[in-house]
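Colleague: Pasting a structure below so you can have a look.
The values are calculated or read from the model by the stated rules, or taken from the named source; none is laboratory data. Note that this is a predicted model, so its numbers are computed, not measured. Cβ: placed from backbone, ideal geometry, glycine included. Neighbour counts: every protein chain shown. Side chains are part of the model used for accessible areas, which takes the heavy atoms of the whole protein and leaves out ligands, DNA and RNA. Shrake-Rupley method; radii C 1.70, N 1.55, O 1.52, S 1.80 Å.
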Amino acid sequence: MTPLTINGLAALSAAGDRPEALARRVAALAGERHPGVPVGGIVTEPLPRAEGHALTDFDVRARLGRRGTSFYDRATALAVVACGDALADSGLTVDDTNRARVGVVLGTTVGSLKSTSDYTRETLVQDKPYLVNPMLFPNTVMNCAAGQAAIRHGLKGINATVTGGPLAFFNALRYAGNAIRRGYVDTMLVGAVEEFSAHRAWASALSPAGGEVAAGEGAAVFVIGSDAGSAGRAAVCAVATGYGPDGTAEQALTDCVARALHVAGAAPTDVTLLVTSETTISGRRPQRAAALRALGGHRPADLVVSRAAGDCGAATPALALAVALRLPGHGDWPPSGLVLLTAQGTDGGVGAALVRR
C-alpha cells in the first residue's frame, strides 16, 4: 500500500479550536480525566449529567460571517470551519485549476441526531397537514456537513459521508485512499464530526458501551494526498477494519492490528504511540489489551483522548490522530515513529490504522 501524505490538519474540540489546544490538555492531564464543563447554556433539555465536553463559546458566525450560515446545524458548522482551517494549514489554494480534483469525505455516526429528531418531532406535533419548516430538512440529510463544506470552500471533487460510529473515521480514510489511488482526485479532506446535544448525551450515557466520560463534540479534518515526495506532516501507512460478533471483537481487533502492521511493512517495535478510543478509562481496557497482544512484548506509550475530549463518537479517533501529530512539544511523548489508532464499536466492528509521524 502506497502511503498517503497528511499535508494539513485541523481540530475543534472542547479544549479549543486548534489541535494544539487539545494536545496541551492531554499532556497536562497526565492520564487523569477532565470533568467537563457546565453545558446548560447551550442545551435546554434535561441531560444525564450537568457537565459535558462542548465548545461552549463556539460561534460559526464569528468564524464565517452571517451569509450562508443561518441554517447550519451544529455538526455542519463544526465541519465547515474545520475543513477551512485544514485547508489553511496545508497551504493549498483552491481555484479553478484544481477544485475539481479536491474532494471531501467525512465520518459520522448518524449525521446530526438533533436535526433529524427535531424535524421528525415537528411532523408529530404540528397541525395537519404537518406544516414543518422546509428549510430545516437539508440538515436531516447525513451528507449535509460534507456538502456544505464543499459549497463553502469551492470543492468539486468527490463528496461523501460514511457512517460506522467509532469506525467511521477509519472508513473515511479507506474511502479517501481508494479515491486517490484510483485517480478520481488528487487531494481529499478526510475527517469526522459529532455535535453535542441532549440527544447525543443520552445516547452516550445509555449505550451498552456507556463509559465514565461525559459526551463531547468535535471535528477533525486532514488534507491528504498521494505525493510521496512532498514534505507532509505524516503518512497514513495502513488502515484495517474487521468484525468480531458474539464476544470475539477483542480477537478481531488483535487481527486488525496484525494486518495493519503487515500492510505497512512495519515491526511491532516501530510503534511508539498507541491511541485508543475507549470511553471506559479505569480497570481493564479491551482495546489496549487487544493491541498489545498483536505487538507481542512491545509496550509503546499510550493515551486515551476521551479523557480530555469526552465521548465524541465518530470524531474520537480523528481527534486522537490530530493530538498524536501535535503532541511533540507538549509533555513527555515520543516525537516520531508509528502511531497506532484503534477503535471498537458496540456491534463488534473494529478498526486499526498506522500513521507515521
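Colleague: Could you pull out the residue among Ala352, Ala291 that is more than 19 Å from Gly191 (Cα to Cα) and either within 13 Å of the chain's Cα centre (by Cα) or open to solvent by less than 10 Å² (accessible area, probe 1.4 Å) (or both)?
Modeller: On the way: Ala352 fails: more than 19 Å from Gly191 (Cα to Cα).
Just a single option satisfies the conditions, and that option is Ala291.
Colleague: Shifting gears a bit: Going through Pro328, Pro317 one at a time, which residue ends up being open to solvent by 30 Å² or more (accessible area, probe 1.4 Å) and under 28 Å from Gly265 (Cα atoms)?
Modeller: Numbers: Pro317 fails: open to solvent by 30 Å² or more (accessible area, probe 1.4 Å).
Criteria check complete, one pass: Pro328.
Colleague: Still on this structure: Could you tell me which residue of segment 235-248 is nearest to Thr5 (Cα to Cα), considering only residues that are surrounded by fewer than 22 Cβ atoms within 10 Å (Cβ to Cβ), touching a residue at least 12 places away in the same chain (Cβ under 8 Å) and of a type outside the set (Ser, Thr, Tyr)?
Modeller: Per the criteria, the residue is Ala235.
Colleague: Which residue out of Asp270, Asp255, Asp302 is open to solvent by 30 Å² or more (accessible area, probe 1.4 Å) and in contact (Cβ under 8 Å) with a residue 40 or more places away in the chain?
Modeller: Values: Asp255 fails: in contact (Cβ under 8 Å) with a residue 40 or more places away in the chain; Asp302 fails: in contact (Cβ under 8 Å) with a residue 40 or more places away in the chain.
Residue meeting the stated conditions: Asp270.
Colleague: From the list Ala192, Ala172, Ala150, exactly one residue is at pLDDT 95 or above, surrounded by 19 or more Cβ atoms within 10 Å (Cβ to Cβ) and under 14 Å from Ser112 (Cα atoms). Which is it? Give the derivation first.
Modeller: Numbers: Ala172 fails: under 14 Å from Ser112 (Cα atoms); Ala150 fails: under 14 Å from Ser112 (Cα atoms).
From the options Ala192, Ala172, Ala150, the qualifying one is Ala192.
Colleague: Mind checking which residues of segment 42-78 are crowded, with 18+ Cβ neighbours inside 10 Å, in contact with an Asp or Glu (Cβ under 9 Å, 6 or more places away or on another chain) and not acidic (Asp, Glu)?
Modeller: Gly52, His53, Ala54, Leu55, Phe58, Arg74, Ala75, Thr76, Ala77, Leu78
Colleague: Among (1) surrounded by 15 or more Cβ atoms within 10 Å (Cβ to Cβ); (2) at pLDDT 90 or above, there is one condition Thr116 misses while meeting the rest; what is its number?
Modeller: Of everything listed in (1) surrounded by 15 or more Cβ atoms within 10 Å (Cβ to Cβ); (2) at pLDDT 90 or above, Thr116 misses just condition (2).
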